[in-house]
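So the structure is just underneath, and the comments pick up after that.
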Amino acid sequence: MTYRVVIPRSIPFADSNRVQREVWRRGYSTRLAGRDVAQPDHLVVEFLRVVDELPEPAEVPALERDLEQLLSGTRIHAPFMGRGGWVETVQRPLARGHVA
C-alpha cells in the first residue's frame with residue numbers, strides 16, 4: 001500500500017507557478033485547492049509526498065518542517081501561511097486483466 005502526505009500551504013498567487021516548478025524538481029507533487037478565503041491574493045496549494053509506509057504521527061510534522069525550509073530557502077524564497085497536514089491512502093489501479 002502507498003500513502004500520500006498532504007501539506008496545504010497558502011502562497012501568493014503571483015508566485016504559485018514558480019513555487020510549484022521548484023518543488024516538483026525536489027520530489028513533491030502539487031494539487032491546487034483554490035483561493036484562500038482569508039487572503040484573496042493567495043492560492044492554497046497542497047504539497048504532496050508519496051511514501052510506501054504509513055508514517056508515524058511524529059513524522060508528518062517533520063515533513064512539514066522540511067517543506068517549510070524548502071519554501072523559505074534562498075532558491076524558492078516564497079512567503080507561505082498555514083499549518084497542518086494529513087495522510088491519504090493511495091489506491092493503485094489493478095493490473096490489466098486482473099479481476100478483483
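The values are calculated or read from the model by the stated rules, or taken from the named source; none is laboratory data. None of the values given here were measured: they were computed from a predicted structure. Cβ atoms come from the backbone with ideal geometry, glycine included; neighbour counts cover every protein chain shown. All accessible areas refer to the heavy atoms of the entire protein, side chains included, with ligands and DNA or RNA removed. Shrake-Rupley method; radii C 1.70, N 1.55, O 1.52, S 1.80 Å.
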Quiz item: Pairs under 8 Å by beta carbon, first residue touching a residue at least 12 places away in the same chain (Cβ under 8 Å) and open to solvent by less than 100 Å² (accessible area, probe 1.4 Å) in the range 52-70, partner of a type in the set (A, V, I, L, M) and assigned to a helix (DSSP H, G or I), six or more apart or different chains?
Solution: Pro55/Leu63; Leu67/Val23; Leu70/Val23
Quiz item: Take the residues of the range 1-51 that are without any contact (Cβ under 8 Å) to a residue 60 or more places away in the chain and among the β-branched types (Val, Ile, Thr): which is surrounded by the fewest Cβ atoms within 10 Å (Cβ to Cβ)?
Solution: Val37
Exercise. Name the one entry in Ser10, Ser16 that is more than 28 Å from Arg92 (Cα to Cα) and within 12 Å of the chain's Cα centre (by Cα).
Key: Ser10
Practice problem: Would you tally the residues in the range 71-91 being out of contact with any helix residue (DSSP H, G or I) (no Cβ under 7 Å at 6 or more places or on another chain), open to solvent by 30 Å² or more (accessible area, probe 1.4 Å) and not in a strand (DSSP E or B)? | Solution: 7
